[in-house]
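The structure appears below as structure tokens.
Nothing in this text is a laboratory measurement; each read-out follows from the coordinates by a stated rule. Computed from a prediction, not measured in an experiment: that's the story for all the values here. Neighbour counts are summed over all protein chains in view; Cβ atoms, including those assigned to glycine, are modelled from backbone coordinates with ideal geometry.
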Amino acid sequence: MHEDTPSPTLWYYVDAARERHGPLPAPALLERLHDGRLQRETLVWREGLPEWRPLHAVAAELGLPDAPAPPPLPPPLQAAAPAGPAAVAAPRSGLSGCAIMAIVGAVGGVLLVAFLGIAAAIALPAYQDYLARAKVAQALGDLAPLKDQIAAFAAQEHRCAVNGDTGFGTPQSYAGTSIAQVRIGRFDNGHCGLEATLRLPEHKRLDGKALWLDYDERTSAWNCSSDLDDRDLPVHCRGG
């Protein structure tokens, strides 16, 4: 009578991609462990196990040797003798912070002086032009009452007033802060008006120049002109 040979136990395992493989006999399972396709932590199962277990948990059943014990820890290091104070490196020779700041300040000062010089070269002529126009505008303002008097005389007498007429003085009698004299009469174009000579010795380019104001009776308008440069004149007097 022959005894039945027991069937080999078949195993299943789950790889790193969570895919199940098997059934495999135990030798095939161990072969895959040895060639690196399985790890000791790989989950395995066979019929009769209540759940999946890591391979190392069934090592005895598979005939798998236990994992080798780790080597003993190395002995502790001997405390080293305290080292002496490290030699301090000599500071590099060079400029100190104060010296650098002084150089930066000096360069900045030179640049500032240069900038101010350029700004002054631009601003000073413009300021001089402004002062000249202000002086001319002041003179024109001083002549405003005389303009009204000339226009009224022309309307009443139907001719142009001249110096010496009733209510009108000599040319020098109109001298003032910025005016040397005023001549009153008729221009070549037939318009009544006046010629004022400026007296501004502190402004060489203005001193002795003339302002001409002629009155057009038909339009009751005054026209202004001068032998001054346009830069020294108000806008309404330029181009004359």
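Near Leu38, the amide H atoms lying under 5 Å from its own belong to Leu33; only residues 5 or more places off or on other chains count, and H is placed 1.01 Å from N. One decimal place: the segment Gln172-Tyr130 gains 12.3 nm when fully extended, by the rule 0.36 nm per residue minus the C-alpha distance. Backbone phi angles across the stretch 157-173, fed through the Karplus curve with coefficients 6.51, -1.76 and 1.60 (θ = phi - 60°), yield HN-Hα couplings of 9, 6, 7, 8, 6, 10, 4, x, 4, 4, x, 10, x, 6, x, 6, 5 Hz in residue order; Gly and Pro are listed as x. Percent of alpha carbon pairs in the stretch 10-62 separated by more than 17 Å? For the stretch 10-62, the fraction of Cα-Cα distances above 17 Å is 20 percent. Here the Karplus curve 6.51 cos²θ - 1.76 cosθ + 1.60, taken at θ = phi - 60°, turns the phi angles of the stretch 208-216 into couplings of x, 7, 10, 10, 10, 10, 10, 10, 9 Hz, with x standing for Gly and Pro. Rounded to the nearest 20, the Cβ-based charge dipole of the stretch 10-62 about its Cα centre (Lys and Arg +1, Asp and Glu -1) stands at 60 debye. For the stretch 133-237, the convex hull drawn through the C-alpha positions has a volume of 92 cubic angstrom per residue.
Karplus-based coupling profile of the stretch 8-20, in residue order and whole Hz: x, 6, 9, 10, 10, 9, 10, 7, 5, 8, 6, 9, 8, with θ = phi - 60° in 6.51 cos²θ - 1.76 cosθ + 1.60 and x standing for Gly or Pro. Ranked by how many other Cβ atoms sit within 10 Å of their own Cβ, fewest first, the residues Thr170, Thr42, Thr177 fall in the order Thr177, Thr170, Thr42.
Applying 1/(1 + (r/R0)^6) with r as the Cβ-Cβ distance of Arg218 and Asp165 and R0 = 22 angstrom yields a FRET efficiency of 0.50.
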